[in-house]
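K.L.:
Below: one structure in structure tokens.
The values are calculated or read from the model by the stated rules, or taken from the named source; none is laboratory data. Please read these numbers as outputs of a predicted model, since none were measured by experiment. Please note: Cβ atoms are built from the backbone with ideal geometry, for glycine as well, and neighbour counts cover all protein chains shown.
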């Protein structure tokens, strides 16, 4: 057979094979259905995004074009919602009862807290756009699960070991607000207290030197509670018994703590922080040793305590291992501790050691001054005039600054505001600056040297103070905190970060030594 014939057969066979393949493909081809793409809900889970995107992040409300006129709250994506609005966080993971968003969308008081204006907003005022029960419960359940995004990410999760954060007690609510130090926003609330039937009024909070734990005392409770700061949860407590447990002080090495019973026949109680058990150093019970003991400081070795007598001119210098104590006069007059306030006496409220432990500072709430005493000789080193009713102090370890809240200072020039924060050079005793910002009865404060910030908490307890932006699940008058730049001593922004009732004691997790 010639090569030409062979080639013709190969070509003919190839054409037959190709035709057969084309027929086969044509026979097996099916029409492609018209599949609609998944709607974009801004990384919200679909059931949540359908509500927030379609009913909230709309024209005139919380979309990119309008949110600046809607309390600064942008709700078009999960990440944007987490930025909060002009009054701080809008949602707090795991806490729908403390998430302001839930107050504004609630029209039924049996569900919980309500506040005006009702959202989604209806210009007619007829609340025609209110969410259904199912929609409300969908959002509530979502926040209760941690407010995850579509991929299951929880707000402010990760970096549990290293995240810098403030803790702020809510004295009217038995809560601790956990504030992310980078964003300035409340990231969690911690339920505290041992008696759910009453408000125990968390008064003082202190972190350990390594930032691993924090401790809380209660004005109306019987215990001190220990919080694990990686998970932001209470892990143990030690029962103290009846008393008005005010200030607590943690030993520099976190081996023990001390707290004061602020009564006319007061006590100083010590506990082992590892076992959370009382130590044998239970003093002054029934003996009148301490009269309204309040602030506490110690030597670096935790072998000598310095305790303010709230009324009078006395600091108790107390060596619990001996035991031995003596009264130190802070004004040069005979040392006297009394049962009632006397406007002519200094009435030392709080005490704070200098970083080198060579001297200590006292807020004298009746004479409106900071007194400085030598921690070794008890000599009076200085008396620094400040604003009305000085209360709490915080110290920077990167700048020589002592911050003092003057709760009732009437010199604040802002309309309807009260209180100031004095900034004092703790080496020279010179007043560096006086902050007169958006405060009303400021009390607790904390310095974050790592991020260069200062938190100032306004209790806003007086009914003459500014009306809160919204109600809270605790009832009462909500307070707020403001943030200042440590370097410029200027307010970081114009936000008033609202929390719950009576924000009182603040501390920062990690400090610079």
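K.L.:
Scan segment 145-162 and give yes if some residue there is within 30 Å of residue 204 (Cβ to Cβ) and touching a strand residue (DSSP E or B) at 6+ places or on another chain (Cβ under 6 Å), otherwise no.
P.N.:
yes
K.L.:
Next up: When you go through 131, 139, 81, 73 one by one, which is the residue that is in contact (Cβ under 8 Å) with a residue 40 or more places away in the chain and within 20 Å of residue 155 (Cα to Cα)?
P.N.:
Result: 139 is the single residue among 131, 139, 81, 73 that is in contact (Cβ under 8 Å) with a residue 40 or more places away in the chain and within 20 Å of residue 155 (Cα to Cα).
K.L.:
Could you go through segment 82-90 and let me know if any residue there is in a helix (DSSP H, G or I) and closer than 18 Å to residue 45 by Cα.
P.N.:
yes
K.L.:
For segment 235-242, indicate whether the set of residues that are surrounded by fewer than 20 Cβ atoms within 10 Å (Cβ to Cβ), modelled with pLDDT of 95 or more and within 21 Å of residue 179 (Cα to Cα) is non-empty.
P.N.:
yes
K.L.:
Would segment 376-386 turn up any residue that is closer than 18 Å to residue 307 by Cβ, buried (at least 22 other Cβ atoms within 10 Å of the Cβ) and touching a residue at least 24 places away in the same chain (Cβ under 8 Å)?
P.N.:
Within segment 376-386, none of the residues are closer than 18 Å to residue 307 by Cβ, buried (at least 22 other Cβ atoms within 10 Å of the Cβ) and touching a residue at least 24 places away in the same chain (Cβ under 8 Å).
K.L.:
Something else about it: Take the residues in segment 355-376 that are in a loop (DSSP other than H, G, I, E, B) and within 18 Å of residue 423 (Cβ to Cβ); name whichever of them is nearest to the chain's Cα centre (by Cα).
P.N.:
Selected residue: 355.
K.L.:
Might you let me know whether segment 237-256 holds any residue that is closer than 29 Å to residue 145 by Cβ and over 18 Å from the mean Cα position of the chain (by Cα)?
P.N.:
yes
K.L.:
Go through segment 436-460 and report how many residues are in contact with a strand residue (DSSP E or B) (Cβ under 7 Å, 6 or more places away or on another chain) and either in a loop (DSSP other than H, G, I, E, B) or under 16 Å from residue 385 (Cβ atoms) (or both).
P.N.:
Final tally of qualifying residues: 8.
K.L.:
I've got another one for you. Of all the strands (runs of 3 or more DSSP E) wholly in segment 289-354, which have at least 3 residues that are farther than 15 Å from residue 269 by Cα, in contact (Cβ under 8 Å) with a residue 40 or more places away in the chain and within 31 Å of the chain's Cα centre (by Cα)?
P.N.:
Of the strands (runs of 3 or more DSSP E) lying wholly inside segment 289-354, those with at least 3 residues that are farther than 15 Å from residue 269 by Cα, in contact (Cβ under 8 Å) with a residue 40 or more places away in the chain and within 31 Å of the chain's Cα centre (by Cα) span 348-353.
K.L.:
Which members of segment 62-75 meet the condition of being surrounded by fewer than 20 Cβ atoms within 10 Å (Cβ to Cβ) and not in a helix (DSSP H, G or I)?
P.N.:
Residues satisfying the conditions are 63, 64, 65, 66, 70, 71, 72.
K.L.:
Just name the residue that is surrounded by the fewest Cβ atoms within 10 Å (Cβ to Cβ) out of those in segment 122-148 that are under 27 Å from the mean Cα position of the chain (by Cα) and part of a loop (DSSP other than H, G, I, E, B).
P.N.:
Out of the qualifying residues, it is 145.
K.L.:
Hey, among 117, 39, which residue is outside any helix (DSSP H, G or I), farther than 26 Å from residue 152 by Cβ, out of contact with any helix residue (DSSP H, G or I) (no Cβ under 6 Å at 6 or more places or on another chain) and modelled with pLDDT under 95?
P.N.:
The unique qualifying residue is 117.
K.L.:
So, one more: Output the residue which, of all residues in segment 484-496 that are part of a strand (DSSP E or B) and within 19 Å of residue 407 (Cβ to Cβ), is farthest from the chain's Cα centre (by Cα).
P.N.:
491
K.L.:
Counting only residues that are crowded, with 20+ Cβ neighbours inside 10 Å and farther than 30 Å from residue 397 by Cα, which one in segment 475-496 is modelled with the lowest pLDDT?
P.N.:
477
K.L.:
If I go through segment 304-342 residue by residue, how many of them are closer than 19 Å to residue 206 by Cβ and either exposed (fewer than 13 other Cβ atoms within 10 Å of the Cβ) or modelled with pLDDT under 85 (or both)?
P.N.:
1
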